[in-house]
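Q: Dumping the structure here so I can ask a few things about it.
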């Protein structure tokens, strides 16, 4: 499968196949980037993560593969493949890969 930018349009694809894990890294691929929002796929190597930060909009996260610990306002949540979690706007949150994991992030700017 080719993964060149734009090649995903009007094709049925498996989300998990859009990115591969890379040791010691967090990889992302933006699928849609519009004024009203973004859809991005991430792949986190085990032990990698994103430090605590906030976003001005609610964000929808679906775990595609693996296991993550997502902390929202100081409360940790173990989230596994097939599960979702919503990150509330303006609440501090962070992510850490307990096992390599992939996620879909949908952010609607409204």
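Q: Evaluate the following for residue 84: is it surrounded by 14 or more Cβ atoms within 10 Å (Cβ to Cβ), under 11 Å from the mean Cα position of the chain (by Cα) and over 13 Å from residue 95 (Cβ atoms)?
A: no
Q: Does residue 59 qualify as being surrounded by 15 or more Cβ atoms within 10 Å (Cβ to Cβ) and within 14 Å of the chain's Cα centre (by Cα)?
A: yes
Q: Exactly one condition in (1) surrounded by 17 or more Cβ atoms within 10 Å (Cβ to Cβ); (2) within 19 Å of residue 94 (Cα to Cα); (3) in contact with a strand residue (DSSP E or B) (Cβ under 6 Å, 6 or more places away or on another chain) is not met by residue 45; state its number.
A: Residue 45 satisfies every listed condition except (3).
Q: Could you list, in sequence order, the residues of region 69-110 that are at pLDDT 95 or above, touching a strand residue (DSSP E or B) at 6+ places or on another chain (Cβ under 9 Å) and assigned to a loop (DSSP other than H, G, I, E, B)?
A: Scanning region 69-110 gives 73, 81, 82, 83, 88, 89, 91, 92, 98, 99, 100.
Q: For region 25-41, indicate whether the set of residues that are at positive phi, without any contact (Cβ under 8 Å) to a residue 40 or more places away in the chain and not in a strand (DSSP E or B) is non-empty.
A: No: region 25-41 contains no residue that is at positive phi, without any contact (Cβ under 8 Å) to a residue 40 or more places away in the chain and not in a strand (DSSP E or B).
Q: Shifting gears a bit: Based on this model, can you work out whether residue 92 counts as surrounded by fewer than 16 Cβ atoms within 10 Å (Cβ to Cβ) and under 19 Å from residue 110 (Cβ atoms)?
A: Details: surrounded by fewer than 16 Cβ atoms within 10 Å (Cβ to Cβ): yes; under 19 Å from residue 110 (Cβ atoms): no.
Spelling it out, it is not the case that residue 92 is surrounded by fewer than 16 Cβ atoms within 10 Å (Cβ to Cβ) and under 19 Å from residue 110 (Cβ atoms).
Q: Let me ask another. Residue 104 passes all but one of (1) surrounded by fewer than 19 Cβ atoms within 10 Å (Cβ to Cβ); (2) farther than 16 Å from residue 27 by Cβ; which number fails?
A: (2)
The values are calculated or read from the model by the stated rules, or taken from the named source; none is laboratory data. Note that the coordinates shown come from a computational prediction; the quantities given were computed from them, not determined experimentally. Backbone-built Cβ (ideal geometry, glycine too); neighbour counts: all protein chains shown.
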